[in-house]
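K.L.:
Pasting a structure below so you can have a look.
What follows is calculated from the coordinates using simple rules that are stated; it is not laboratory data. Treat the numbers as computed from the prediction; the structure is a model and nothing was measured. When we count neighbours, we look across all protein chains shown, and the Cβ atoms used for this are built from the backbone with ideal geometry, even at glycine.
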Amino acid sequence: MLTIFSTPKPFKGHIGIIQRNAITSWTLLHPRPEIILFGNDEGTAEAAKDIGVLHVSQIARNEFGTPLLNDFFQKAEQQASHQTLCYVNADIILLQDFKDAVERTRDWSRRFLMLGQCWDTDVVEPLRFERPDWQEHLRGIVSSTARQRAITGIDYFVFSAGLYSNIPPFGVGRPFWDNWFVWRACHSGVPVVDATAVTVVVHQNHPITWTWMGPEEKRNFELAGRWHTRYSIANAQYRLTPTGIIRDWTRPLRARWELQHWIWTSTLINWTRPARHALGFNQQRFDALKRALFRR
């Protein structure tokens, strides 16, 4: 069995709609997982009651009011009824193939981390879950209009209980903590499995609410450790395929490319953004230069 947990944003406007879509989709997995929502942001208690999931209101926050990852991950393990846990962002829709992938990975190894790429999809209204074909309908939307997220974007982590301890006090919803999670598993000798090939995991598009390298982002960067922030899905040693879990021997090449990408985006693109914008250097010009430098 599986325990899914998350910490939603306030249930207001568009973000409220897509969070209800996401959480409802989790309840429709078979067999139904245990679901725990953490936090006391506006509408969380009401949504938990309406959808029929567990709710833990009290979690630690930093001085900016952002939930702290170490606190609610620890509480999730304490509250969970199962030995397989899944943290997932509250805007992510899960289909039955996700649950099947979890079960296959859990049967393969007692200790593991499973992750994968999602599909950026425009969703602007409540999904019609009463339709018996709602999953097939959503798959059709994804296949025709969605775009696969970059391999650096990680929206869910499925892991065996006890895998993570002494987690730094990362701010949730800010970058770099997800990279640290991949590094910790790799550093601990735990198999990391990429389930992208056998799952359609849907990220519902919405505006980004954080600023690159603001105070919280810098803190997460420092907590993660500079070189640990280069870890991503590319560092998964294994891939889940329709026929089984196989060793991914391309991982060193993929991880090397990701290091180049990380150096470029973190040290050149993002840190120089204000000056570049003032001088009129747009993203298209730098993308062309990046392709020339890295021969992509």
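K.L.:
In sequence order, what are the phi-derived ³J(HN,Hα) couplings for the range 16-30 according to the Karplus relation 6.51 cos²θ - 1.76 cosθ + 1.60 with θ = phi - 60°, rounded to whole Hz, with x for glycine and proline?
P.N.:
x, 5, 6, 5, 5, 4, 4, 5, 4, 4, 5, 5, 8, 5, 10
K.L.:
Suppose R0 equals 30 Å; then what is the FRET efficiency for Ser144 and Gln58 from their Cβ-Cβ distance, rounded to the nearest 0.05?
P.N.:
0.10
K.L.:
Compute the separation of the alpha-carbon centres of the range 62-104 and the range 1-41 and state it in Å as a whole number.
P.N.:
After rounding, the separation between the Cα centres reads 10 Å.
K.L.:
Moving on to the next point. Report the label-to-label distance for Met1 and Arg131 in nanometres (one decimal), using points 7 Å from each Cα along the Cα→Cβ vector.
P.N.:
3.2 nm
K.L.:
Same structure, new question: Quote the FRET efficiency, to the nearest 0.05, computed for Ala197 versus Ser81 with a Förster distance R0 of 25 Å and r equal to the Cβ-Cβ distance.
P.N.:
0.25
K.L.:
List the residues, sorted by chain then number, that are 5 or more residues from Thr241 or on another chain and whose placed amide H is less than 5 Å from its amide H.
P.N.:
Here Ile246 satisfy the definition.
K.L.:
Counting only residues 5 or more places away or on other chains, whose amide H sits under 5 Å from the amide H of Phe176 once H atoms are built in the peptide plane?
P.N.:
none
K.L.:
Moving on to the next point. Would you please give the FRET efficiency between Gln74 and Asp97, computed as 1/(1 + (r/R0)^6) with r the Cβ-Cβ distance and R0 = 25 Å, to the nearest 0.05?
P.N.:
0.25
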